[in-house]
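First the structure, in the form of structure tokens, and then the observations on it.
The values are calculated or read from the model by the stated rules, or taken from the named source; none is laboratory data. What you are looking at is a predicted structure, and each value in this text was computed from that prediction instead of being measured. Reconstructed Cβ throughout: ideal geometry from the backbone, glycine too, with neighbour counts over all protein chains shown. Surface areas here come from the heavy atoms of the whole protein model, side chains and all, with no ligands, DNA or RNA. Shrake-Rupley method; radii C 1.70, N 1.55, O 1.52, S 1.80 Å.
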Amino acid sequence: MTTANADDFSLDDELEATDAWDDTQSDDAPDDSPDDAPDDSWADDPDPEEPTAGAMELAERHQLRRVAGLRTELEDITEVEYRQLRLERVVLVGVWTDGTVQDAENSMAELALLAETAGSEVLEAIYQRRQAPDPATYVGRGKVEGIAEIVQATGADTVICDGELAPSQLRNLEDRVKVKVVDRTALILDIFAQHARSAEGQAQVELAQLSYMKQRLRGWGGNLSRQAGGRVGADGGGIGGRGPGETKIETDRRRINDKIAKLRRELKAMKGTRDTKRQDRQRHQIPSVAIAGYTNAGKSSLLNRLTGAGVLVEDSLFATLDPTTRRTTTSDGRVYTMSDTVGFVRHLPHQLVEAFRSTLEEVADSDLILHVVDGSHPDPEGQIGAVREVLAEIGADKVPEVVVINKADAADPLVLARLRQREPHSVVVSARTGEGIADVLALVEDELPRPDVEFRALLPYERGDLLNRIHQQGEIASLEHTGDGTLVSGRANEDLAGDLAAYAADAPIR
């Protein structure tokens with residue numbers, strides 16, 4: 001699939017080209033009946049089961065397959081104007097600075113999964129042990145020569161580095177290996193651009209991409225260093241330029257800043273809508289539960305199990321980006337909301353954290369976090385640490401947390417026991433088989449905030465609305481139907497307790 005990536009680029013005369021990922025689904029032709037395509041035989045069934053929105057979205061995503069043989073070679077490009085990169089045949093490069101060999105191999109394995117999610121074929125993966133990345137070329141000079149030989153021997157068209165590279169490092173590596181170089185940040189941004197579905201999600205990703213691109217503007221053949229000259233016409237930058245002396249790179253950077261400002265205004269308006277919904281829930285004192293965790297840990301599968309949301313589920317990194325909120329109830333009738341959130345990853349790009357801050361506020365403002373961990377992952381403790389690092393960055397580290405160790409059906413029992421010992425406030429589940437789901441629901445009910453005010457009221461039978469509110473927002477300790485009305489006692493929030501005060505058990509019935 002065509003991917004929109006620009007760690008090194010020059011803008012064309014229409015900045016709307018930054019919406020490149022919107023066009024990708026029409027550029028590539030689907031493969032003929034791929035073997036791993038989802039089964040859509042239900043469409044021919046005379047009495048088909050109604051597919052969920054997530055199942056239809058997954059089928060649509062799988063219908064688009066990469067066209068073999070299409071590659072963008074660096075040497076074929078003479079004028080680079082926000083070009084689109086087809087990540088196809090890649091070589092992975094990492095620098096191991098601390099930790100164990102296992103940590104380095106896990107990091108490279110994750111980078112390979114990211115590359116495959118973006119639509120690449122991984123040909124080779126190498127890493128180097130260094131105290132710190134080389135300031136000029138990320139890896140040492142000898143290793144650069146080795147990478148160039150591997151690229152030439154394998155026919156790779158892209159090198160992906162497991163880290164965020166400075167613009168000078170990208171330029172130096174490209175000059176030496178003679179193919180496109182992409183860093184980890186650009187790769188993650190590219191995946192987000194492919195998977196963003198909602199208008200808010202696409203705007204957030206575009207903002208993150210532009211913030212990343214702004215620091216990496218450079219041209220090919222010096223075309224961005226040319227000054228505008230003395231004319232105001234096409235050779236001088238056109239109306240709105242700053243006249244003689246302004247270079248193309250300065251013009252592009254100014255236009256990027258204008259686009260960033262526009263996106264921030266749009267996201268601010270969208271944030272107002274989200275805040276209004278959140279304030280409405282808070283006004284009615286409806287508790288909220290946020291499902292957070294590492295990408296591909298099973299958050300969407302868990303949400304489907306707990307609420308029947310029917311959201312997209314796919315065994316890939318960052319399969320879903322747009323948050324989903326569902327209303328559900330406890331066994332005793334209390335109403336609360338449960339929200340799925342974007343997955344986290346090691347070294348999550350700072351640009352994404354900033355762009356998705358309004359979405360991540362759902363986690364910080366929740367009453368309980370279900371921290372989902374992949375129990376079958378080679379390094380689940382590392383996942384827990386990476387997620388908690390992001391939670392601290394968005395101010396959600398003070399919210400009560402329940403660790404949900406998922407994929408119990410595929411995990412090693414010794415690993416599960418180790419995690420349970422490390423995280424006493426945890427529960428083991430399998431979202432695929434349903435194992436432990438009842439335990440999660442019971443734990444959520446116990447951890448939800450409880451009403452503060454005790455009450456004892458005698459409600460007339462015509463005030464069934466108040467009794468319904470008690471079921472949804474409060475806790476009932478005892479309930480008795482008498483000749484004068486319903487005698488009920490329990491706990492309620494302040495607003496509901498105020499409405500019940502007129503029907504206190506020692507007050508006359510109205």
How many residues are within 15 Å of the chain's Cα centre (by Cα) and either open to solvent by less than 10 Å² (accessible area, probe 1.4 Å) or at pLDDT 85 or above (or both) if we restrict to the stretch 356-376? 6
Need pairs with beta-carbon distance below 6 Å; first residue within 13 Å of residue 472 (Cβ to Cβ) and within the stretch 485-498, second surrounded by fewer than 20 Cβ atoms within 10 Å (Cβ to Cβ) and at pLDDT 80 or above; sequence gap 6+ or separate chains. 490/476; 490/477; 492/453; 496/469
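Residue-wise test of (1) open to solvent by 20 Å² or more (accessible area, probe 1.4 Å); (2) in contact (Cβ under 8 Å) with a residue 60 or more places away in the chain; (3) of a type in the set (Val, Ile, Thr); (4) at positive phi.
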site: 159; (1), (2), (3), (4): no, yes, yes, no
site: 193; (1), (2), (3), (4): no, yes, no, no
site: 196; (1), (2), (3), (4): no, yes, no, no
site: 202; (1), (2), (3), (4): yes, yes, no, no
site: 206; (1), (2), (3), (4): no, yes, no, no
site: 212; (1), (2), (3), (4): no, yes, no, no
Restricting to the stretch 363-385, what's the tally of residues that are out of contact with any Pro (no Cβ under 6 Å at 6 or more places or on another chain), of a type outside the set (Gly, Ala, Ser) and farther than 24 Å from residue 432 by Cα? 2
Checking the structure you have, find out if any residue of the stretch 474-486 is in contact with a strand residue (DSSP E or B) (Cβ under 6 Å, 6 or more places away or on another chain), among the acidic types (Asp, Glu) and closer than 15 Å to residue 285 by Cα. yes
Give 223, 296 a once-over and let me know the one that is under 28 Å from residue 183 (Cβ atoms) and either of a type in the set (Phe, Trp, Tyr) or modelled with pLDDT under 80 (or both). 223
Could you list, in sequence order, all residues of the stretch 126-157 that are without any contact (Cβ under 8 Å) to a residue 40 or more places away in the chain and among the hydroxyl-bearing types (Ser, Thr, Tyr)? 127, 137
Spans of strands (runs of 3 or more DSSP E) in the stretch 377-492 with at least 2 residues open to solvent by less than 40 Å² (accessible area, probe 1.4 Å): 401-406, 426-428, 453-459, 486-492
Give all pairs with beta carbons closer than 8 Å in which a residue from the stretch 437-448 that is of a type outside the set (S, T, N, Q) meets a residue that is open to solvent by 40 Å² or more (accessible area, probe 1.4 Å) and assigned to a helix (DSSP H, G or I); count only pairs at least 6 apart in sequence or on separate chains. 437/305
When residues of the stretch 406-430 are filtered for being of a type in the set (A, V, I, L, M) and under 17 Å from residue 289 (Cα atoms), how many remain? 1
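Residue-wise test of (1) under 25 Å from residue 206 (Cβ atoms); (2) at pLDDT below 90.
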residue: 116; (1), (2): yes, yes
residue: 121; (1), (2): no, yes
residue: 125; (1), (2): no, no
residue: 135; (1), (2): no, no
residue: 138; (1), (2): no, no
residue: 154; (1), (2): no, no
residue: 167; (1), (2): yes, yes
residue: 177; (1), (2): no, no
